[in-house]
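Data block below; observations after.
The values are calculated or read from the model by the stated rules, or taken from the named source; none is laboratory data. This one's a predicted model, so the numbers in the text were calculated from it and none came from an experiment. Please note: Cβ atoms are built from the backbone with ideal geometry, for glycine as well, and neighbour counts cover all protein chains shown. Ligands, DNA and RNA are stripped out before the accessible areas are found, and what is left, the full protein with its side chains, is counted by its heavy atoms. Shrake-Rupley method; radii C 1.70, N 1.55, O 1.52, S 1.80 Å.
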There are 6 protein chains.
Amino acid sequence: MAVAVYPGSFDPITRGHYDIIERTAKIMDHLVVAVLRNSSKTPLFTVEERMAMVEELVGGFPNVVVETFDGLLIDFVRSKEASVIVRGLRAVTDFEYELQMAQTNRVMAPEIDTLFLTTNLKYSYLSSNIVKEIALYDGDVSPFVHPQVAERVKAKLLQK
Amino acid sequence: MAVAVYPGSFDPITRGHYDIIERTAKIMDHLVVAVLRNSSKTPLFTVEERMAMVEELVGGFPNVVVETFDGLLIDFVRSKEASVIVRGLRAVTDFEYELQMAQTNRVMAPEIDTLFLTTNLKYSYLSSNIVKEIALYDGDVSPFVHPQVAERVKAKLLQK
Amino acid sequence: MAVAVYPGSFDPITRGHYDIIERTAKIMDHLVVAVLRNSSKTPLFTVEERMAMVEELVGGFPNVVVETFDGLLIDFVRSKEASVIVRGLRAVTDFEYELQMAQTNRVMAPEIDTLFLTTNLKYSYLSSNIVKEIALYDGDVSPFVHPQVAERVKAKLLQK
Amino acid sequence: MAVAVYPGSFDPITRGHYDIIERTAKIMDHLVVAVLRNSSKTPLFTVEERMAMVEELVGGFPNVVVETFDGLLIDFVRSKEASVIVRGLRAVTDFEYELQMAQTNRVMAPEIDTLFLTTNLKYSYLSSNIVKEIALYDGDVSPFVHPQVAERVKAKLLQK
Amino acid sequence: MAVAVYPGSFDPITRGHYDIIERTAKIMDHLVVAVLRNSSKTPLFTVEERMAMVEELVGGFPNVVVETFDGLLIDFVRSKEASVIVRGLRAVTDFEYELQMAQTNRVMAPEIDTLFLTTNLKYSYLSSNIVKEIALYDGDVSPFVHPQVAERVKAKLLQK
Amino acid sequence: MAVAVYPGSFDPITRGHYDIIERTAKIMDHLVVAVLRNSSKTPLFTVEERMAMVEELVGGFPNVVVETFDGLLIDFVRSKEASVIVRGLRAVTDFEYELQMAQTNRVMAPEIDTLFLTTNLKYSYLSSNIVKEIALYDGDVSPFVHPQVAERVKAKLLQK
C-alpha cells in the first residue's frame, strides 16, 4: 500500500495546494498532509489554525489525514511508514529548489522517493505569500483561496 | 488500483530509464512501459528490438508490462484504463518541455495526471542520444547502459 | 504614433497568438501582424492560407493589418516605419531564444525596440506544432485554436 | 492614449532603470515612474530622496512624471487610469518572479497588462543592491549609476 | 604563473567545496582559498574556525594556501596578484547569480577573469546550509562533509 | 604545464569565440583550438576554410595552436596530453547542454576537467548561426565577426 506525505507550511492553504491534494488522493492509497510546525519564517497563522483550515477543506476525503511535523521530513515520513513525498511544481526557481531537496532526501533515505505534480495552470504562479500580501492591502483573494480561508485571512490581519 | 504508463522511445533503454521503471514499480500497483512506435526521428533500433531490450531488463518485475503505442499518448493511456503518466525529469530544458506536454495532456484528458520523478543524480545528464554518439566513435558506453544493451548497440552500429 | 509589428509563422494561428494580438491592439496605435513567408521548416499551410486565417480572426480590429514578410525582420519593421517588435513569452526556453533575437536586433537596429507580453496562462504551453501533432492523430484541437482554424487543419491533413 | 506605469524601489536609480525609462517614453504616450514607498526591505534612501534622484535624471522628458505609491500596484495603476505596467527583464530568475507578478495582476485586474523590455546588455546584470554593496567597500560605482547618484550614495554611506 | 582565488563562506567546508579545490589545484599553478570574514548572514562558525577546517583538509596540497578576506573580492584578488576567480556551478539559480557577479567584476576589474567548474554530480545539490539544517535535527551529515567537519558541526550545535 | 583544448565548429569564428580564446590564452600555458571536422549539421565552410579563419585571427598568439579533430572529444584531448576542456557559456539553454557534456565527459575521462568562461556581455547572445542568417539576407555582420571573416561569409554566400 503506497502511503504518501505532502509537506508544507500551508500558511494558509491555497487553491493550488488543494488541487495537489485532490489529485494525489486519487493516485495514492493513503495521503498524509503534513503541516510544518516550526518554519524558519514567522507564519501568519499558528500551526493549529493552519491545520484547521486544511482539515476543513480536505477532511471529507476518505484517504487523507492532516498532521503536523517538526524536524527532518524524512524522519516524519519514516514514522508514518510512508514511501513517497509529494510536491507541486510551479516554475523554474521552484524546480531547482525542489530538486535539491529531493536529491538530498534520497541520499539520506534511499527508500523514500519524491513525486512531483505540476500545478494546475490556473494556479501556476500562486503562493501563500502572494495571498497574504494582497490581503494586507485589502485586495480580493477569492481567486486564490477558498472562501473560508479568505475569511480567516481577513480576520487575522484585522487583529494585527 | 493505480495504473501508470511510462512512455518513451527507449532507443535504447538507458540505466536512467531503468532507474525510473524500478522506482515507479514500487509506488504504483501496475506499470505499462510504452515504447513509441513511430518517432519523428529515425530510431537506431526497430520498435521490436527496443521492446526486446526493455523486456529483457524489466521482464522480471511482477507488476510491469512492456507494450508499444502509436498516436496520441492520452488515447493509449485511456485504452489501458490507466490514470497516470510517469516521466523522469533531468534538467531545466527537460522540465519546460515536459511541463508543456503535461499541461496539454491535462487540457485534453483531465482525468489523466502526470507524475514526475527526478532522475538519479548518477544518470542526471544521460540520454539515449549521448549513448549512441559515444558508441559511434567506439567509446565505452557501459557506465550508461546495461551490458546486454551495450552489446546490441555495438552490433547494430557494425551493421551500418 | 507607435506602430508595432508582431512577427511569426502562424502555421496556424492559435488562441495564444490571438490573445497577444488582441492585447497589443489595445496598447499600440497601430499593429502589423507579419506572417513569415519562408520559414526554414516546411510549413503545413502556404503563406496565403496562413494570412487568410489570421485575417479572418483579426480583420475586424480597426488598427490591425496583416502582411507577409521575408528576409530580416528589422528590414521589414523599418519599411513599415514601425519602432516596436511585439513577442509573446511562454516559458524559459522561449525566453532565452527571444532574448537572443531581441539583443541581436538591437545591435543591428538600435532605433527598434522589442516588447514582450506574457502569454495568457490558459495558453501558456501552447504552440502551433502541438496543434498539428494532435490533429495528425485525430485529437480534438478546439481548446487550442478557433473553430474555423480547426476546420482548416483537419481539411489540410486529409489532403495529405 | 496609452498610459504606462514603471514601478520600482529605485534605491537608487541605476543606469539600467534609466535605460528602461528612456525607451518606454519613446513607445508610450505617457509614463508614470512609480517609486514604492514602503518596501519590505529597509531602503538606503528615503522615498523623497529616491524620487529626487529619479526626477533629476528624467524630469526633462516631457511625457514622464515621477510619483510614489503604496499598497497594491494595480490600485495605483487604476488611480492613474493607466492600462500598462512596464518592467525590465534581466535574467531567468527575474523572469520567473516577474511572470508570477504579471499573472497575479492579470487575475486581479484583467484590464491592465504588463509589458516587458529586455535590459540593455551593458546593464543586464546590474541591480541597486550590487551598487550599494560596491559603494560600501569604496568601489567605483560610476559604470552603474549616473554621477549625481554616485555622489549621493557616497554621501549617504558616510553618514552611517 | 596563473594564480587563482576560490572565495566563499565555507560555513562549513563541504565535500563539494573540497572537490572544487582539489580539481583547481591540478589546473592552476597556485590557488588561494579565500574565506569571507564578514558575511551578511550570521555564520555558524567564526572565520578562524572556518579557516581551520579548510586548512585541515587542504593544507597538504603544495600549491594551495588558505586566507581570509573582507571587502570587495576584486580588491583581494588584486592584492594577491591573482588573475583568476574560481567558482563552482551547481544549478540554474546558482548560474544566474554567479553570472551576475562575474559580469560585475569584469566591469570593475577587466584584468581579472572568472572560471567556472561544474560541481561533481554526487555533490551537485549540496550546500553548507543544507548541512547545518540536517545537523540541527540530528540527521547524518557524513555523506556531505568530511568526518572532522561533521564532528565540529555536532559539537558547535551542542553549545547552542 | 596546463594544456587546454577549446573545441567548436567555428563556422565561422565569431567575436565571441575570439574573446574566449584571447582570455584563455592568458590563463593557460598552452591552448589548442580544436575545429570539429564532421559536424552533424552541414557547415557553411569546409574545415580547411574554418581553420584558416581561426588561424588568421589567433595565429599570432604564441601559446595557441589550431587543429582539427574528429570522433570523441575526450580522445582528442588525451592525444594532445591536455587536461582541460574550455567552453564559453552564454545563457541558460547553453548551460544545460554544456553541463550535460561536461558530466558525460567526466564519467568517461575523470582525468580531464571542463572549465567555463562566461561570454563577454557584448557577445552574450551571439552565435555562428545568427551571423549566417543575417548575412544571408544581406544584413551587416560586422558587429559580430572580424572584417576578414565578414568578407569570407559574403563571398561564400555569393557562390551559392
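Residue count for the range B:61-87 satisfying the condition of being more than 28 Å from B:Y125 (Cβ to Cβ) and either of a type in the set (V, I, T) or modelled with pLDDT under 95 (or both): 6. When you check C:R90 against the structure, is it modelled with pLDDT under 95, closer than 25 Å to D:E96 by Cα and more than 12 Å from chain F (Cβ to nearest Cβ), yes or no? So C:R90 passes the test. Entry remark, the range B:102-121: residues being more than 7 Å from every other protein chain (Cβ to nearest Cβ) and either touching a residue at least 24 places away in the same chain (Cβ under 8 Å) or under 14 Å from the mean Cα position of the chain (by Cα) (or both) number 6 in total. One residue stands out in the range C:64-101 among those that are among the aliphatic types (A, V, I, L, M) and more than 27 Å from D:F95 (Cβ to Cβ): the one that is nearest to the chain's Cα centre (by Cα), namely C:V66. When B:S142, B:S124 are checked against the criterion of being within 14 Å of chain A (Cβ to nearest Cβ) and among the small types (G, A, S), a single residue qualifies: B:S124. Of the residues making up the range C:119-160, those that are farther than 16 Å from C:G16 by Cβ and among the hydroxyl-bearing types (S, T, Y) number 1. Considering the range B:62-160, the qualifying strands (runs of 3 or more DSSP E), each wholly inside and each with 3 or more residues that are surrounded by fewer than 16 Cβ atoms within 10 Å (Cβ to Cβ), run over B:64-69. Quick check: is even one residue across the range C:11-24 in a helix (DSSP H, G or I), open to solvent by 10 Å² or more (accessible area, probe 1.4 Å), basic (K, R) and modelled with pLDDT of 95 or more? Yes, the range C:11-24 contains at least one residue that is in a helix (DSSP H, G or I), open to solvent by 10 Å² or more (accessible area, probe 1.4 Å), basic (K, R) and modelled with pLDDT of 95 or more. Of the residues making up the range A:26-41, just one is among the hydrophobic types (A, V, I, L, M, F, W, C) and open to solvent by 20 Å² or more (accessible area, probe 1.4 Å), namely A:L36. Out of the residues in the range E:42-61 meeting the condition of being assigned to a loop (DSSP other than H, G, I, E, B) and touching a residue at least 60 places away in the same chain (Cβ under 8 Å), tell me which one is least open to solvent (accessible area, probe 1.4 Å). Result: E:F45.
Is it the case, given these coordinates, that F:V77 is in contact (Cβ under 8 Å) with a residue 40 or more places away in the chain, in contact with a helix residue (DSSP H, G or I) (Cβ under 8 Å, 6 or more places away or on another chain) and aliphatic (A, V, I, L, M)? When the stated conditions are applied, F:V77 does not pass them.
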